[in-house]
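Step one of this worksheet: look at the structure below.
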């Protein structure tokens, strides 16, 4: 393939992808299962700085609590089948009483009163051990 | 340049692009906050299908709001992607899958037990 042809294709593919997939459309639904940590190895508690739209603080990661699979809901397709999350129980150093937010999702519009942080979910690969 | 050769070339580039970036490289970390809400969920159940099987779960209440978060200076990839997580009730997994997950904390070995949350993408507006 010539360089010129490759460049045309790359630009076309990138433009098509950007046009077809708005940011939120690439985010799957996730079904999260309560998980028991086998402690192989033992999770070492750690504290790291975190920053989101509500607060910047140090966050203690206490233990893994949930494993989340991308899920099809009512027949909707799974967009990224390899995207999994492991969610850890956390405790923020800074006490925080969050804002009121209005949220729109497929269940409608909800007004929410945000309270303290409970989990931090980290992307990772997943293998089912036979 | 013929149309056919251009199409073949584009297919090659498309496949290469698809394999170039593992999908979870584009997935943010999420920090999830407990919430109180003022209205009930209208939809009482949803049919779900994932790698552990298919089932209809009962949707109980909105429970967590998740923001994309920068952890240890990692940055946020998609600042507009949020998740609203509903507590759900489903069946315990008959044979709890033994999962080995690798992330930046290393290897986590877990047993998945029962479904607890269904997280749905959503838009957010902060009320002044």
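The values are calculated or read from the model by the stated rules, or taken from the named source; none is laboratory data. Nothing here was measured: the structure is a model prediction, and the numbers come from that model. Cβ placement follows ideal geometry from the backbone for every residue including glycine, while neighbour counts extend to all protein chains displayed.
The table for this structure:
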{"item": "Unique residue being touching a strand residue (DSSP E or B) at 6+ places or on another chain (Cβ under 6 Å) and without any contact (Cβ under 8 Å) to a residue 24 or more places away in the chain when the list is B:108, B:104", "result": "B:108"}
{"item": "Filtered residues of the range B:85-109 (kept if over 19 Å from the mean Cα position of the chain (by Cα), at pLDDT below 90 and in a strand (DSSP E or B))", "result": "B:106, B:107"}
{"item": "Single unsatisfied condition, residue B:124 versus (1) within 7 Å of chain A (Cβ to nearest Cβ); (2) assigned to a strand (DSSP E or B); (3) modelled with pLDDT of 90 or more; (4) over 19 Å from residue A:65 (Cα atoms)", "result": "(3)"}
{"item": "2 or more residues at the interface with chain B (Cβ under 7 Å from one of its Cβ atoms) and at pLDDT below 80: qualifying strands (runs of 3 or more DSSP E) within the range A:6-75", "result": "none"}
{"item": "Selection count where residues are more than 7 Å from chain A (Cβ to nearest Cβ), over 19 Å from residue A:88 (Cβ atoms) and surrounded by fewer than 17 Cβ atoms within 10 Å (Cβ to Cβ), scope the range B:58-82", "result": "6"}
{"item": "Whichever residue in the range A:97-130 is more than 7 Å from every other protein chain (Cβ to nearest Cβ) and in a loop (DSSP other than H, G, I, E, B) and, among such residues, is surrounded by the most Cβ atoms within 10 Å (Cβ to Cβ)", "result": "A:97"}
